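Report on one structure; see the data block that follows.
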Amino acid sequence: MQQFLVTTWVTLVAAGALAAEPGGLPRSTPEEQGISSLAILSLIEVADRDVHSLNSFMLVRHGHVVAEGWWAPFSAETPHSLYSLSKSFTSTAIGMAVAEGKISLDDEVLKFFPDLAPADPSVNLKQMRIRDLLSMSAGHDKEVQLREVKEQTKAFLAHPVAFKPGTHFLYNTPASYMLSAILQKVNGEKTVDYLRPRLFEPLGIANPIWEESPEGVTQGGYGLNIRTEDIAKFGQLYLQKGEWNGKQLIPADWVERATSRQTSNGSNPKSDWDQGYGYQFWRCRNGCFRGDGAFGQYCIVMPEQDAVIAITSGLGDMQSVMNLVWEKLLPALQSGPMSANTESQEKLKKTLAGLKLPPQKGSGAKGAAEKLTGKTFVFPENEQKLESIAFSEEEGGPTLTLKCDGKEQRIAIGDGEWRKGQVAYGRFAEQPVAASGGWTADDIYTAKLCFYQTPFILTLTLKPRGDDLVYDSEMNVNFGPTKLPQLVGKAK
């Protein structure tokens with residue numbers, strides 16, 4: 001996991017009513033671009049009711065943003081962690097390097113790292129090419145775990161290659177990392193820096209943040225943080241076959257190859273994960289393609305409909321969102337403009353403007369506040385690195401004072417609303433957070449912490465028990481168990 005996330009800021013405007021920010025996409029109404037406001041409203045209402053939870057949504061039709069919304073406390077100006085959607089940006093860098101003659105898709109991977117190769121490389125490793133990394137057919141039967149490894153390139157090359165490269169699909173984030181490592185080797189700069197003048201600056205993507213490995217290599221397979229509109233611009237660039245403002249940023253033939261089926265990955269006609277895989281892009285049903293990332297980060301491109309959808313989320317069932325797109329939006333995309341519908345446009349605008357993640361609600365009673373207020377509870381050593389916690393009632397609402405990994409920090413808790421601050425928790429670095437809380441029973445105080453530059457929401461439950469404090473915590477989504485081990489603190 002990386003940093004955390006959560007705001008509502010929404011705009012839905014008539015063409016010309018509000019100019020896009022410098023470098024932004026133009027705005028229009030849904031009907032002017034051939035889609036009913038009611039169809040978009042239906043998708044938003046179902047998603048808000050049944051999908052837990054979307055963080056942002058943006059629909060672009062014929063190059064115009066026709067609907068956009070952020071669930072508070074997420075916001076338009078805040079970057080969001082893309083997870084594996086980052087892979088599609090790495091693919092783009094590879095396509096550019098190929099066009100510049102710096103690499104070939106048929107280059108063998110070992111060619112770039114002779115000093116890091118095993119003493120006796122296998123035949124399959126020797127045959128692994130750049131195109132095999134791109135198409136997730138490097139030949140591994142399982143991923144090598146790189147997160148805790150300092151020499152990640154060397155660890156990848158030492159991993160057994162069970163299959164002949166190009167013959168076996170395995171979704172393989174370390175393969176994407178190797179693409180970034182190759183790019184850095186041939187370009188003499190990190191992938192994020194290589195893309196800055198070639199992609200980010202032309203698209204008006206300001207301040208892209210991309211995590212890097214202990215080796216100083218842009219991660220490639222995850223770790224890019226940009227805004228929702230930046231995702232939409234990237235999708236629009238691919239929809240336009242690599243052309244932007246009259247300039248060909250990506251070769252059109254690369255766009256075609258990268259987004260076409262390069263390898264088979266299943267046969268379930270109802271799954272958008274079984275439609276084939278390109279070069280760090282997924283094929284979708286209905287003739288579409290996408291980049292996506294864990295917990296529901298999407299850049300969906302619909303060439304036949306001339307549309308792009310950008311979504312950020314914090315959810316476990318990623319197929320559910322794809323199903324909504326096909327059920328609610330796809331049939332509603334018409335070939336020409338529609339008659340204006342002021343009433344439905346206003347209803348959609350009002351709905352989008354009111355989007356929010358529900359804050360933690362309480363029963364209204366203070367419960368066992370006197371058993372918590374003014375006390376500090378100390379915890380034995382634990383993996384969450386939580387050393388102590390104190391609860392206080394202050395002007396403006398309750399405050400939690402946590403000591404994590406030697407650092408003391410205060411979190412202002414909104415009462416039935418989100419209050420923003422900064423926090424570091426466990427193994428996660430300090431970052432923005434929005435918090436809300438309340439007494440959910442006579443002896444239980446519950447607080448939600450939304451780390452609103454990521455999909456993650458941490459729910460904390462405090463239960464006084466004599467001189468002890470029983471502390472439970474649970475994530476909304478996680479790569480492992482969502483419920484963390486219970487801790488018991490002692491009043492000091």
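Table for the structure above
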read-out	value
Failed criterion for ILE205 (all others in (1) part of a loop (DSSP other than H, G, I, E, B); (2) in contact with a strand residue (DSSP E or B) (Cβ under 8 Å, 6 or more places away or on another chain); (3) within 28 Å of GLN127 (Cα to Cα); (4) not basic (Lys, Arg) hold)	(3)
Selection from region 403-415 of residues that are out of contact with any Lys or Arg (no Cβ under 6 Å at 6 or more places or on another chain) and either crowded, with 20+ Cβ neighbours inside 10 Å or not in a strand (DSSP E or B) (or both)	GLY406, ILE411, ILE413, GLY414
When residues of region 160-192 are limited to those that are among the polar types (S, T, N, Q) and in a helix (DSSP H, G or I), the one farthest from SER86 (Cα to Cα)	ASN187
Identity of the residue in region 63-101, touching a strand residue (DSSP E or B) at 6+ places or on another chain (Cβ under 7 Å) and among the aliphatic types (A, V, I, L, M), that ends up surrounded by the most Cβ atoms within 10 Å (Cβ to Cβ)	ALA67
Subset of region 361-370 [buried (at least 18 other Cβ atoms within 10 Å of the Cβ) and either at pLDDT 85 or above or touching a Phe, Trp or Tyr at 6+ places or on another chain (Cβ under 6 Å) (or both)]	GLY362, GLY367
Given (1) closer than 30 Å to PRO26 by Cβ; (2) touching a Pro at 6+ places or on another chain (Cβ under 8 Å); (3) crowded, with 18+ Cβ neighbours inside 10 Å, index of the condition SER137 fails	(1)
One residue from ALA434, ALA424 being within 22 Å of LEU487 (Cα to Cα), in a strand (DSSP E or B) and not β-branched (Val, Ile, Thr)	ALA424
Any pair with Cβ under 7 angstrom, 6 or more apart, that starts in region 285-298 at a residue that is more than 18 Å from MET58 (Cβ to Cβ) and ends at one that is polar (S, T, N, Q)	ARG285/GLN275; ALA294/SER84
Enumeration of residues in region 459-472 that are under 20 Å from LYS356 (Cβ atoms) and at pLDDT below 95	none
Breaking point among (1) buried (at least 22 other Cβ atoms within 10 Å of the Cβ); (2) touching a Leu at 6+ places or on another chain (Cβ under 8 Å); (3) β-branched (Val, Ile, Thr), for THR351	(1)
Looking only at region 424-451, and only at residues there that are at pLDDT below 90 and among the hydrophobic types (A, V, I, L, M, F, W, C), the one that is surrounded by the most Cβ atoms within 10 Å (Cβ to Cβ)	PHE428
Sole exception among (1) of a type in the set (A, V, I, L, M, F, W, C); (2) in contact with a Phe, Trp or Tyr (Cβ under 7 Å, 6 or more places away or on another chain); (3) over 17 Å from LEU82 (Cβ atoms) for ALA155, by number	(2)
Count of residues meeting criterion [among the charged types (D, E, K, R) and in contact with a Phe, Trp or Tyr (Cβ under 8 Å, 6 or more places away or on another chain)] in region 440-458	0
Residue match in region 115-131 (condition: touching a strand residue (DSSP E or B) at 6+ places or on another chain (Cβ under 6 Å) and small (Gly, Ala, Ser))	no
Contacts under 8 angstrom Cβ, first residue in region 475-492 being within 16 Å of ASN382 (Cβ to Cβ), partner loosely packed, with under 15 Cβ neighbours inside 10 Å and among the acidic types (Asp, Glu), 6 or more apart	LYS483/GLU474; LEU484/GLU474; PRO485/GLU383; VAL488/ASP468; GLY489/ASP468; LYS490/ASP467; LYS490/ASP468
Yes/no for LEU195 being of a type in the set (A, V, I, L, M, F, W, C), within 25 Å of the chain's Cα centre (by Cα) and not in a loop (DSSP other than H, G, I, E, B)	yes
Subset of region 121-134 (residues that are surrounded by fewer than 23 Cβ atoms within 10 Å (Cβ to Cβ) and either β-branched (Val, Ile, Thr) or touching an Asp or Glu at 6+ places or on another chain (Cβ under 6 Å) (or both))	VAL123, ARG129
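Residue-wise test of (1) of a type outside the set (A, V, I, L, M); (2) assigned to a loop (DSSP other than H, G, I, E, B); (3) modelled with pLDDT under 95.
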residue: ASP274; (1), (2), (3): yes, yes, no
residue: ARG290; (1), (2), (3): yes, no, no
residue: TYR298; (1), (2), (3): yes, no, no
residue: ALA310; (1), (2), (3): no, no, no
residue: VAL321; (1), (2), (3): no, no, no
residue: LYS328; (1), (2), (3): yes, no, no
residue: SER335; (1), (2), (3): yes, yes, yes
residue: MET338; (1), (2), (3): no, yes, no
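Yes/no matrix, rows are residues, columns are (1) more than 21 Å from VAL66 (Cβ to Cβ); (2) among the charged types (D, E, K, R); (3) not in a strand (DSSP E or B):
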site	(1), (2), (3)
SER267	yes, no, yes
SER271	yes, no, yes
TYR279	yes, no, yes
VAL301	no, no, no
LEU324	no, no, yes
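The values are calculated or read from the model by the stated rules, or taken from the named source; none is laboratory data. Keep in mind that this is a model prediction, so the values were computed, not measured. FYI the Cβ positions are ideal-geometry reconstructions off the backbone, even for glycines, and counts take in every protein chain you see.
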